[in-house]
1. Sort the following peptides by mean Cβ neighbour count (other Cβ atoms within 10 Å, averaged over residues), highest first: 37-47, 61-71.
2. Scan around residue 36 for amide H atoms under 5 Å from its own, H built in the peptide plane at 1.01 Å from N, and keep only partners 5 or more places away or cross-chain.
Amino acid sequence: MVKTFAVIFGIVFLAVRILGFVPGITNNEMLLCISMVNGAHNVVHIASGIIFLLAAMGGAGLSKMWFQIFGIIYAVVAIWGFAVGTGNTLFIVSSNPAVTWLHVVLAVVMLLIGFGSPRQAAA
């Protein structure tokens, strides 16, 4: 099941962030008028999507490990987003409260998948 989640996360990350480069869907650095984006932000999430897809091809154990790693990373980024508010995290990736809360949700879900899935699923 963890491999399936990795494929889903990979496809969604790729699709949504590729849309971040499409004029009309992204206006004034706002994706769908909700989430702040810029080229660097899109590239980070596209890379995340690719890693999830590669992890899924590598098996359940690798998928589980990447959910754990990304869950921790997204939790740290969410905390940083609360500290920054609206502006740039890491000096290049745009952020706003909607992005920060999305990172909180992603972190919680990834940590649940990464640490909460049964040990047998990692085999």
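1. Top of the packing list down: 61-71, 37-47.
2. Those lying under 5 Å, H to H, from residue 36 are 31, 96, 99.
Just so you know, all these numbers are worked out from the coordinates, no wet-lab data involved. Quick caveat, the model's predicted, so the values are computed rather than measured. All Cβ positions, even for glycine, are placed from backbone atoms using ideal geometry, and neighbour counts span all protein chains on display.
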